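Peer 1: Structure in structure tokens, see below.
The values are calculated or read from the model by the stated rules, or taken from the named source; none is laboratory data. Please read these numbers as outputs of a predicted model, since none were measured by experiment. Glycine also receives a Cβ, built like all others from the backbone with ideal geometry; neighbour counts cover every protein chain displayed.
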Amino acid sequence: MRVLRLSRKELRESLRDRRTLVTLIVMPLIVYPLLGSVVQKFAINRFDPNSPPALVVFDGSLPEVAADAMLELPESNGTTLKGRTKPSGDDKIKSEEKNSPASLQDVATSLTGSETGSAIGALTNSDEGNVRPIRLQRYEQPVKREFMEEFLQAGEADVGVRQTIAVRDDATGVVQPSDFQIISRQGDAFSQQAAVEVEKRVLAFRDRELRKLLDNTQFGSAVLPTISKLRLANDAPQSSPLGAFIPLMLVLMTMTGAVYPAIDLTAGERERGTLEMLMAAPVSRAQLLTGKFIAVLTVAVLTAVINLVAMLLTLYATGFDRVLLADGATFQMFFSVLILLVVFASFFSAVLLSITSFARSFREAQAWLIPLMLVSLAPGILSLMPGVNLTLGLAVLPLVNIVLLGRELFQGTAALHLYAVTLLSTLVYTILALRVAANVFGHDTVLFGSSAGVSAWAKRPTETRESIPTSIGVGWLILLIPLFIVLSGLRSRVVPIDNLSGQLILSGCLTTILFAVFPVAITKWIRASAVQVFALHRFHVATLIGALLLGCTMWTLAYQVLMFSKGPLQWLEMLNNSKLKELAERLTSETPYLIRIVTLALVPAICEELFFRGFLINTIQKRANLWLRPMLISTFVFAAFHVVVDQSLTLERFPATFLLGLVLCGIRLSSGSIFPGIVMHAISNGLLLSLKELDPVLQAIGLNLNVENETSLPTWFLMASLLISGAGAGLVWMGRKRAKTLQPVRERSI
Amino acid sequence: MPNLIEAVNLHKTFVTPVGTVHAVNGLSLTVAGGEVFGLLGANGAGKTTTLRMILGLMKPTSGKAIVAGIDVAEHPEEVKRSVALVSASAGLYQWLSPRELMHYFADLYDVSTDDAIRRVDELTKLFDLQSFVDRPCAGLSTGQQQRVNLARSLMHDPPVVLMDEPTRGLDIVGSKRIFDFTAQLKQLGKAVIFCTHRLEEAQRLCDRFGLMFRGRLQLQGSLAELRKSSGLESITDMFLDLMERNDATTEEAMQPQLVTTAPKHEGRSV
């Protein structure tokens, strides 16, 4: 109840702000009708039967009568340009067109029903038999061959036809056939389209002449095959691809509605100087933020509703609904979409609040939001691509699921179970985003921190420190993601793809630079202690032995996890099995063993430990007794990086890599050193890469692992691995550092 | 009267890109009910940081604060119920009226509806807000906004009031109103810490004084005690003498104390 009272004040403030009202009410009431009118005008103009015909100019070699006759010919082989009735889902069209002469008058008169609907349907339907009512008319005077290009470039006609008469070489007896050259203007859509029509006429002309010739022979024209077309009626709802724009537009407008209130109620508090008063009150941040969330959500939902109503009314009034929406504008569709938009609004409001809570001013919040808006467009663009449909796997991807589901709702093809998964997963993300926002809102660094510019980061500190500031560590991590993806992709430009050894060496260099060289350079620049940052401490010999044992056995458990994860991923339709298998086969057959070991075992072991278990943990862990969050975050990031393989996403690697990462983290946090983890990582990777080489040895001792066929490992082998892993873990625990040698207590620094 | 505010050896250190800053360095003070304690010093001396630690808005690097017998670190929410913060830098919600604002803060402090209505009427009369109490705050003058700020901070009638440069930006009339009001608070038995760098005004208003310089409370006591110990007449003279004795210019005095080596315990950064 208190939260509702708090939200009442937030809502009151938001709705009294003129800027909110403009976005909420004025924009939808203006934008949609305006858009509808413009598109309607364009469609009618475009397909107006009374629009001027395309002018076709001839060079005079063909008599005028013959030229006129050619332009009025039906399609080649007697098929006709037949008009089609309005392309709505109600009509079940089944037509057979064969040798049915028709004139273009029939085409014009066949546009029944809503002229606009037919026009827009014609515009958007990619079926080649659709109406394209371009009339052709011969230019009254012929133009000499040599002047035809100039004539057309001057815009005096739209298409030119230049005929070359057949010539026979008396000496060789070879006949150079006659040729009809069709000339049009590049970049001029009307000229191009008229040229297509002229080509059809020319083909029909050629066909007719050929038939005449054949009729004078013993064979007759009947030997020339005809072409007929048959279109079957389609029971599935038909709607225009343009309908995919609608959910994207609704999503964008909902986002727009939520942005301003979110900024105003979070960063705006700091800027106005009201945040300190709020924090001084005996109210939890979670309650305050929930009140703000309710207010932002309310405005977002109102925006969504008003946009949806305005859009549907516009579609209905202009007749577009029957073309763009499968079943037209119905109440069922309206409520389905409305529920979807409410859930989306809640998700986006939470995400907005979690981002704007970091900001200390309006301008800073807007700067934070620009990347978010750009990222949010990507799923929307995905929804416009043909062949991308909502699957179970995509139904759990935030934003992508909403846009694809919206498109399928409009097309009338949405499945109920996918609808439910989309809504549930989006609600989960909403709650997570709110948790983040509640942690950040009113935090000391936002409340009291100064808005230091980039120059503050560029200035080298004067004193030494023991840890990487969070802003610098996280900043490098954020930069690392696009660098890693882009530079990995550029490998194939530097070294040919078929040179796998070269690719591996380059990959090793990249790993070294991104995960070792740069972090070390950053550490040196900010005068942080490399020993502390990278945990280059001494360790107990028990830890080393334990790491050795774990290195020898953990790969089996990771492999088994990989096998187990394939089933669920396949069910979610997110398995990219062929990629890993193909890569594994190429590795063993095309690359020398030493290169494999160095680039895929040694180098990653050293560099990844330096970064993930050294640099990153040091950035996140600010107190020695707080180990769980650094462990989980660093392991998650470690596993996420390993999902990208050769520009593809191989999600099945995530669980296995996550498991390995947890163990490596455990060793690092327990021992306070990365060296045992390096040993374990190198051995684990090395063994996985050496299975083919070790196979004869394993066979000799009666162990047929059969890893290539991707079957589970023998149970006894797994049990033995588990036992040895347990022993290794026990040794690591025994060798753990005592409390006084752990990292010193220090508070969060930015 | 018993002490309502106790600060015991408070320290606050910040880690900045250029170095570590000791904003507050071993500050201890007490304020009894019915007493106005003037926490004085130049800009950047550490006054606001001290108030934030007493209120519980900022965690001290070390030391503790006790308000109305409650340890701030252990029960921050309870402490907040007992304290009002009046800050010149506090803004108002532009689209709300003073009445709506006061009711909102009554809600934040769990004041019942009936009590809130009564308090709004009382404070409206006290601060002479009648002519604009139902107008949006956006259209109010600086003086009017400051009065509204005072009114909303006292909705829950707390025993402790922390005032951080409340006369900043006010004219003589406005400042006098603040001083008169502060004297009223004193008569009501409230413990008040009054932060200002207008030393002459503080001298007239406060019962006891604490002069801060570079994060430390350099002088503390009643006016008589300070006169006796320093041999100087006015607070202004005492402060200037303090700065001269520390061999610093006024500009340097505005900079927090900078250390060049990393301490064992690093504080929150700005």
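Peer 1: Do you know which of the residues in the range A:279-293 that are crowded, with 19+ Cβ neighbours inside 10 Å and closer than 23 Å to A:Leu15 by Cα is farthest from the other protein chains (Cβ to nearest Cβ)?
Peer 2: A:Phe293
Peer 1: Among the residues of the range B:42-57, what is the count of those that are within 12 Å of another protein chain (Cβ to nearest Cβ) and either in contact with a strand residue (DSSP E or B) (Cβ under 8 Å, 6 or more places away or on another chain) or surrounded by fewer than 24 Cβ atoms within 10 Å (Cβ to Cβ) (or both)? Outline the logic, then answer.
Peer 2: Taking the range B:42-57 as the starting set, the residues that turn out to be within 12 Å of another protein chain (Cβ to nearest Cβ) are B:48-49, B:51-57.
This time we only want the ones that are either in contact with a strand residue (DSSP E or B) (Cβ under 8 Å, 6 or more places away or on another chain) or surrounded by fewer than 24 Cβ atoms within 10 Å (Cβ to Cβ) (or both), so: B:48-49, B:51, B:53-57.
Selection size over the range B:42-57: 8.
Peer 1: Ok, one more. Looking at the structure I just gave you, is A:Ala108 modelled with pLDDT of 55 or more, over 35 Å from the mean Cα position of the chain (by Cα) and surrounded by fewer than 19 Cβ atoms within 10 Å (Cβ to Cβ)? Working first, answer last.
Peer 2: Working: modelled with pLDDT of 55 or more: no; over 35 Å from the mean Cα position of the chain (by Cα): yes; surrounded by fewer than 19 Cβ atoms within 10 Å (Cβ to Cβ): yes.
Here the answer is no, as A:Ala108 does not meet what is asked.
Peer 1: Okay, moving on. Output the number of the condition that A:Val388 fails; it satisfies all remaining conditions of (1) farther than 30 Å from A:Leu514 by Cβ; (2) assigned to a loop (DSSP other than H, G, I, E, B); (3) modelled with pLDDT of 80 or more.
Peer 2: That leaves (3) as the condition not met.
Peer 1: Go through (1) at pLDDT 80 or above; (2) within 20 Å of the chain's Cα centre (by Cα) for A:Gly380 and report which single condition fails.
Peer 2: Status for A:Gly380: all satisfied but (1).
Peer 1: When you look at A:Val343, is it more than 30 Å from A:Arg272 (Cβ to Cβ), in a helix (DSSP H, G or I) and in contact with a Leu (Cβ under 8 Å, 6 or more places away or on another chain), yes or no? Let's see the steps before the verdict.
Peer 2: Values: more than 30 Å from A:Arg272 (Cβ to Cβ): yes; in a helix (DSSP H, G or I): yes; in contact with a Leu (Cβ under 8 Å, 6 or more places away or on another chain): yes.
Answer is yes for this residue.
Peer 1: Could you pull out every one of the helices (runs of 4 or more DSSP H) wholly within the range A:507-616 that has 1 or more residues that are modelled with pLDDT under 90 and under 18 Å from A:Arg668 (Cα atoms)? Walk me through it before giving the result.
Peer 2: Values: elements: A:518-525, A:530-533, A:541-571, A:577-590, A:593-597, A:603-608.
Hits in the range A:507-616: A:541-571.
Peer 1: Taking strands (runs of 3 or more DSSP E) that do not extend beyond the range A:140-235, which have at least 1 residues that are among the polar types (S, T, N, Q)?
Peer 2: On the way: elements: A:159-164, A:179-184, A:229-231.
Here the list reads A:159-164, A:179-184.
Peer 1: If we only count helices (runs of 4 or more DSSP H) wholly inside the range B:58-145, which ones have 3 or more residues that are farther than 30 Å from A:Arg18 by Cβ, within 12 Å of chain A (Cβ to nearest Cβ) and acidic (Asp, Glu)?
Peer 2: On the way: elements: B:76-82, B:98-108, B:113-126.
The helices (runs of 4 or more DSSP H) meeting that bar number zero.
Peer 1: Among the candidates A:Leu340, A:Leu315, A:Leu353, A:Leu325, which residue alone is over 21 Å from A:Thr298 (Cα atoms), of a type in the set (A, V, I, L, M) and at pLDDT 75 or above?
Peer 2: Every option except A:Leu315 fails the conditions.
Peer 1: Quick check on B:Thr30: is it outside any strand (DSSP E or B), under 21 Å from B:Phe209 (Cβ atoms) and polar (S, T, N, Q)?
Peer 2: Working: outside any strand (DSSP E or B): no; under 21 Å from B:Phe209 (Cβ atoms): yes; polar (S, T, N, Q): yes.
Judged against the criteria, B:Thr30 is not a match.
Peer 1: I've got another one for you. Quick check on A:Val486: is it modelled with pLDDT under 85, of a type in the set (Val, Ile, Thr), more than 27 Å from A:Met277 (Cβ to Cβ) and not in a loop (DSSP other than H, G, I, E, B)?
Peer 2: Values: modelled with pLDDT under 85: yes; of a type in the set (Val, Ile, Thr): yes; more than 27 Å from A:Met277 (Cβ to Cβ): yes; not in a loop (DSSP other than H, G, I, E, B): yes.
So A:Val486 fits the description; yes.
Peer 1: Sticking with this structure for a sec: Let me confirm something: among B:His265, B:His156, which residue is at pLDDT 85 or above, within 14 Å of chain A (Cβ to nearest Cβ) and out of contact with any helix residue (DSSP H, G or I) (no Cβ under 6 Å at 6 or more places or on another chain)?
Peer 2: Values: B:His265 fails: at pLDDT 85 or above.
It is B:His156.
Peer 1: Here's a follow-up. Can you pull out the residues in the range A:514-525 that are buried (at least 18 other Cβ atoms within 10 Å of the Cβ) and in contact with a Pro (Cβ under 9 Å, 6 or more places away or on another chain)?
Peer 2: Residue satisfying the conditions is A:Phe515 alone.
Peer 1: Confirm whether A:Arg208 is surrounded by 16 or more Cβ atoms within 10 Å (Cβ to Cβ), farther than 30 Å from B:Tyr109 by Cβ, more than 31 Å from the chain's Cα centre (by Cα) and modelled with pLDDT of 90 or more.
Peer 2: no
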